[in-house]
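Before we start, here is the structure in question, set down as structure tokens.
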Amino acid sequence: MTVPTLLIAAKAPVAGLAKTRVAKAVGHELAADLAAAALLDTLDAALALGWPLVVAMTGDLTQAARSEEIAGQLDRADVIEQRGDGLGERLANAHADADAGNGVVQVGMDTPQLTVEDLFAAGRLVADGRRVVGPAEDGGWWLLGLADPAEAAALKDVPMSQPDTGALTEAALAGPAEHLRTLRDMDTWDDAVAIARDIPISRLATVVRAQVAV
């Protein structure tokens, strides 16, 4: 099939700025390390897929946890700066910036349990001209695939990080979307522990196991 571009929207895992809800339970340094581990696990799957990879980054990576390891992985991707004010606008702009004419499949860095198979399934749907959404347990979404990335402009008017973000996103798109499996976002320490149980062989699980048995 003609492969789309894989887009990862990422935030530099800087202590004090990354995963602040997780930090309430475990502190800023550990929260940043968890975010870094999740990003690296996500990049592993993305790079194994072998599609054109664009990472839309915000924040100062030089100040981030595991900055050298992340930078090494990003050498194999096209890294662009996020632009825009709110998250919806930044995501819409990232889709436009990543578009190479074959559609875009976009994920974030909070679902390191995603697999190459998940991404391939989304890409196959996008290659077939369809929209695809990966729902999140909290009512948001962890993946958005669009055959026409211009449709992502609708995200500018969608409130993010709400229990109805997923439903509002689908309502804002130009037509119906196919669904992938539902995943849990890593928004809290409890989320991190639960995700680590699902992916015991991962950087994230290694970080969590240093704190609790999983």
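The values are calculated or read from the model by the stated rules, or taken from the named source; none is laboratory data. Since the model is a prediction, treat every value here as computed from it, not as a measurement. When we count neighbours, we look across all protein chains shown, and the Cβ atoms used for this are built from the backbone with ideal geometry, even at glycine. With ligands, DNA and RNA removed, areas are computed over all heavy atoms of the protein, side chains included. Shrake-Rupley method; radii C 1.70, N 1.55, O 1.52, S 1.80 Å.
Relative contact order for the chain: what percent, with Cα pairs under 8 Å and sequence separation of 6 or more?
Result for the chain is 23 percent.
Assigning unit charges at the beta carbon (Lys, Arg +1; Asp, Glu -1) and nothing else, what dipole magnitude in debye, to the nearest 20, does the stretch 104-176 show about its Cα centre?
Approximately 220 debye in magnitude.
If you don't mind, there's one more thing I want to ask. Please report the equivalent ellipsoid semi-axes of the stretch 124-177, computed as sqrt(5 x eigenvalue) of the Cα gyration tensor, largest first, in whole Å.
Semi-axes, largest first: 18, 13, 8 Å.
Among A122, A12, A46, flag the residue with its Cα farthest along the positive direction of the charge dipole of the stretch 1-122, charges on Cβ as +1 for Lys/Arg and -1 for Asp/Glu.
Farthest along the dipole direction, towards plus: A12.
When only alpha-carbon atoms count, how far does the chain stretch along each of its three principal axes, as whole angstroms with the largest first?
44, 35, 33
Take each uninterrupted DSSP H stretch in the chain, measure its Cα extent along the helix axis, and return the ones at 30 Å or beyond whose mean Kyte-Doolittle hydropathy is at least -0.5.
28-49
Obtain the nm distance between the two label points defined at I199 and A96 by a simple spin-label model: each point lies 7 Å from its Cα along the Cα-to-C-beta direction.
3.1 nm
What relative contact order, as a whole-number percentage, does the stretch 67-154 give when Cα pairs under 8 Å and 6 or more residues apart are counted?
Contact order relative to length: 30 percent.
In whole percent, and with a 1.4 Å probe on the protein chains, what portion of the accessible area of the chain is carbon and sulfur?
With neighbouring chains kept in place, the figure for the chain is 48 percent.
Here's a follow-up. Which shape class, rounded, prolate or oblate, goes with the stretch 65-167 when its Cα gyration tensor gives a ≥ b ≥ c as root eigenvalues, a/c under 1.5 marks rounded, and past that a/b bigger than b/c marks prolate?
Here the stretch 65-167 falls in the rounded category.
Right, next: Treating only the Cβ atoms of Lys and Arg (+1) and Asp and Glu (-1) as charged, compute the dipole magnitude of the chain about its Cα centre; round to the nearest 20 debye.
That gives a dipole near 280 debye.
Taking +1 at the Cβ of each Lys and Arg and -1 at the Cβ of each Asp and Glu, which of A71, V212, T58 sits farthest along the dipole of the chain towards its positive end, judged by Cα position relative to the Cα centre?
V212
Sort V104, V214, V26 by accessible area with a 1.4 Å probe, largest first.
The ranking, largest first, comes out as V214, V26, V104.
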